[in-house]
1. Within region 200-241, can you find the residues that are closer than 13 Å to GLN43 by Cβ and within 16 Å of the ligand (Cβ to nearest atom)?
2. Among VAL80, VAL71, which is the only one that is more than 26 Å from VAL115 (Cβ to Cβ) and of a type in the set (Val, Ile, Thr)?
3. Can you tell me which residues in region 242-256 are touching a Gly at 6+ places or on another chain (Cβ under 8 Å) and more than 11 Å from the ligand (Cβ to nearest atom)?
4. Test GLY170 against the criterion of being small (Gly, Ala, Ser) and more than 18 Å from the chain's Cα centre (by Cα), and give yes or no.
5. So LEU61 ticks every box in (1) over 30 Å from LYS181 (Cα atoms); (2) in contact with a strand residue (DSSP E or B) (Cβ under 8 Å, 6 or more places away or on another chain) but one. Which box is left unticked?
6. Restricting to region 60-110, name every residue that is hydroxyl-bearing (Ser, Thr, Tyr) and farther than 30 Å from LEU42 by Cα.
7. Taking region 122-145, which residues are aliphatic (A, V, I, L, M) and more than 16 Å from the ligand (Cβ to nearest atom)?
8. For region 57-72, check the following and say yes or no: at least one residue is closer than 30 Å to THR220 by Cα and of a type outside the set (A, V, I, L, M, F, W, C).
Amino acid sequence: MKMSTGQTGRRLLGLAVAGVALVSCGAAFAELGQPAPWEYKLQESATPVMDNITWFHDFLLWLITAITLFVLALLVIVVVKFNAKANPVPSKTTHNTLIEVAWTLIPVLILVALVVPSFRLLFLELDVPKADLTVKVTGKQWYWSYAYPDNGKFEFDSLLAQDKQPRLLGVDNEMVVPVNKIVRIQTTGADVIHSFAVPAFGIKIDSVPGRLNETWFKATKLGMFYGQCSELCGKDHAFMPIAVRVVNDQEFAAWVETAKKKFATNPANSLALAGAASQ
Ligand SMILES: [Cu+2]
């Protein structure tokens, strides 16, 4: 099929309009703390770590775009200027020391420049600052348990709630944390390896049986934040969502009081049992 110039132009225009629509929709659909239809970007950040991840991601995207366009331009020049028709008598040059040094050194310098923000981000993620509170997260087939060792030593299970929205992300008992406080997450697996991940917080850490892994976040925005188990852990892997509610200090204190009563008789409350046994 041959297209006329007009047709090609209209198709290109259509593509451009679709592209712009997609970009603006992506922004419109972006919702804090949860995925959105047609989303192609990172979730909106709610912690300093995620701010850094987003910045590094965008920075890399610009950099690779520039490099790709540069290489494309070189290729186009070669194809246009040095094909057999345009350049019937090729040059016999085989070495050019200056260019060879440049195409070795410049990529090395680019990589060295990348190491700095990359390592800074790694240290930010891995170096847990002095925490305001600790939440112990246990991955189980197929739900999560949250324990609050420094807020009344209660522990509760958090299971998928079929009737809640967003679909497959809503849970019966949400993990609750105060805003602008450093929360240390200690996580382990009760049966197989799970992975505790909340995209808006920039955290994803394996919950391994017999091991205690640590990470942290400081939520700077109020609201609901959703994540999912991110390590294939069995048949209901897709049905053990993570729901974190970020509240202010008073709401957190009030929630701790109700949670202490509500979950005091929880038979699965290993922390409370351990506490009772040691008294
Ligand atoms: Cu899992």
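1. Selection gives ILE203, LYS204, TYR226, GLY227, GLN228.
2. VAL80
3. Residues satisfying the conditions are ALA243, VAL244, ARG245, VAL246, VAL256.
4. Taking the combined requirement at face value, the residue satisfies it.
5. For LEU61, the failing item is (2).
6. SER91, THR93, THR94, THR97, THR104
7. Within region 122-145, LEU122, LEU124, LEU126, VAL128, ALA131, LEU133, VAL135 meet the criteria.
8. Yes, there is a match, as at least one residue in region 57-72 is closer than 30 Å to THR220 by Cα and of a type outside the set (A, V, I, L, M, F, W, C).
The values are calculated or read from the model by the stated rules, or taken from the named source; none is laboratory data. Since we're looking at a predicted model, the values are computed, not measured. Note: ideal-geometry Cβ built from the backbone for every residue, glycine included; neighbour counts use all protein chains shown.
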